[in-house]
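Chemist: Shown below is the structure under consideration.
Coordinate-derived values only; no laboratory data. Everything numeric here is computed off the predicted structure, so don't read it as measured data. We place every Cβ from the backbone using ideal geometry, glycine too, and count neighbours over all the protein chains shown.
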Amino acid sequence: MPWIIDADPGIDDAAAIITCLRLGCDVVALSIVHGNSPLENTLLNALRLKELIGSAVPVYAGCPRAILEPRRNAGEIHGQDGMGDLQWEPVQSKAEAKHAVDMIIEQSHLHPGNLSILAVGPLTNLAVALVKDSTLAQRIKELVLMGGTSGARGNTTIVGEFNFAADPEAAAIVLEAGIPITLVPWETCLENLVTLEQLQTGGTEALENPVAETFLAMTAELLDRTENVLGYRGFLLCDLLAAALVMDPLVVTEAVDVFAAVETNGTYGRGLTAIDYAKLSGEQPNVNLVLGVDTDRVAALLRQALIA
């Protein structure tokens, strides 16, 4: 089944991309958006990852800003370049000339009813594509999203998770589109950190290769930061959880079908993911909300990708 990965690399995006590409997911394109770093950085990081793992997947530059929201980045988490501020060799590959929005529409015509999208950044590219082509939603099989919250525990605003808060209008458009959606929220990620010990299960020698060593180098400060903030040492790799369930649906241990919407107004509520657990809205469920995952299974997939 063909997939597009829409991402804003990003350390956890890197984990998701490495896992999908190295474990054989049929990825037809990487669609790159603003987010963890400005678009010029996230695009460069996608090309760096492509070369690191020797992939031929085409890379497309998408939207450099949100629909309305002032630009948000997360350099304090991912480094100023978005991917750990390592010393990278100059990239040899280039992005495709076509805009990511047009590529998404084109691929939907090439694979009508079969194309799926793993979206792990702000949803600007997908939202603009849905607005540009009003029939696009009918040709998308499913969306797997990392974004939003299950209990209004914000990490960017009081109630807003980064990907949704970075472009609330885009998130609202996507959730309203009528496409089957699996949503991995912030709280589920926060409760399911991957540990270094899990990655080392089976021996450390296998991790002594360029891909694994680069990944561990880019995550070193993130590991320290997580320990300082949460009190225990682990990799907070939100996008990896979404990628893991694409590769292995048995990763999911608990999920619920709910109606979800995104608040686009309010002094404090803008970017809030409103979840109708009590079924008060009268709306039909539009999201399969992932509340639990098997972290050992997630870690095993990442380890397998790092040593493939």
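Chemist: What ranking of Asp13, Asp294 emerges when the number of other C-beta atoms within 10 Å of each C-beta is taken as an exposure proxy, fewest first?
Modeler: In increasing order of surrounding Cβ atoms, one gets Asp294, Asp13.
Chemist: With N set to the number of residues, divide the alpha-carbon radius of gyration of the chain by 2.2 N^0.38 Å and report two decimals.
Modeler: Compared with the compact-globule rule of thumb, the chain sits at 0.92.
Chemist: A follow-up question, please. Note the full-extension length gain between Glu283 and Asn209 as 0.36 nm times their separation in residues minus their Cα-Cα distance, in nm to one decimal. Please list the in-between numbers first.
Modeler: Numbers: separation 74, 0.36 × 74 = 26.64 nm, distance 5.01 nm.
Full extension from Glu283 to Asn209 adds 21.6 nm.
Chemist: Setting aside same-chain residues fewer than 8 positions from Lys98, which lysines have a Cα under 27 Å from its Cα?
Modeler: Those lysines meeting the cut-off are Lys50, Lys132, Lys141.
Chemist: Could you work out the relative contact order of the chain? I mean the mean sequence separation of Cα pairs under 8 Å and 6+ apart, divided by the number of residues, in percent.
Modeler: 21
Chemist: In nanometres, what is the gap between the two model label sites at Thr267 and Asp296, each 7 Å from Cα along Cα-to-Cβ?
Modeler: It works out to 4.9 nm between the two label points.
Chemist: Neighbouring Cβ atoms within 10 Å as the yardstick, rank Lys50, Lys279 fewest first.
Modeler: Numbers: Lys50 20, Lys279 11.
Ranked by crowding around the Cβ, least crowded first: Lys279, Lys50.
Chemist: I need the fraction of alpha carbon pairs in the range 71-118 separated by more than 13 Å, rounded to a whole percent.
Modeler: In whole percent, the long-distance tail amounts to 73.
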